[in-house]
1. Taking R0 as 41 Å, what's the FRET efficiency between residue 17 and residue 84 from their Cβ-Cβ distance, rounded to 0.05?
2. Tell me, what is the FRET efficiency for residue 94 and residue 139 to the nearest 0.05, using R0 = 22 angstrom and their Cβ-Cβ distance as r?
3. Just to verify a number: FRET efficiency for residue 113 and residue 29, C-beta to C-beta distance, R0 = 35 Å, to 0.05?
4. Would you mind calculating the gained length between residue 4 and residue 149 on full extension (0.36 nm times residue separation, minus the Cα-Cα distance), in nm to one decimal?
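Just so it is clear, none of the values below were taken in a lab; they were calculated from the coordinates. Just so it is clear, the structure is predicted and the values come from calculations on it, not from any experiment. So basically every Cβ, Gly included, is an ideal-geometry build from the backbone, and we count neighbours across all protein chains shown.
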């Protein structure tokens, strides 16, 4: 019985040490600006009509989140920013495979006219508006986002 208690206490002590080490590691990574990652499926929302909020995004990460909102394509809030693309709202509820070639070109034209730093924000905006991108445009979007991130 004593042996089992000793093993249990040792395991608990190791767990506490590992937990503290993980907290210190995360704090250090946040200071270094590393450790932020996205997955290809993560595309999400930004802010609605607040241009000043978009300016905050360019300033950098605040360090208050595990994954920086600026780097993530996941929706962090339900707010939406329009990038002069309100006409895309008519595609609400359509599948990515149901677009005509002209409609695909409309999405592509908007994507290609965005400034490089606005691409990930536009992706979040499109997702927050529940618009499914055409698959070709979605692939181009992910390529542009990955290219932009590799420059950072």
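1. Efficiency, from the Cβ-Cβ distance: 0.15.
2. Efficiency for this residue pair is about 0.80.
3. It comes out at approximately 0.50.
4. Stretched out fully, the residue 4 to residue 149 stretch lengthens by 47.2 nm.
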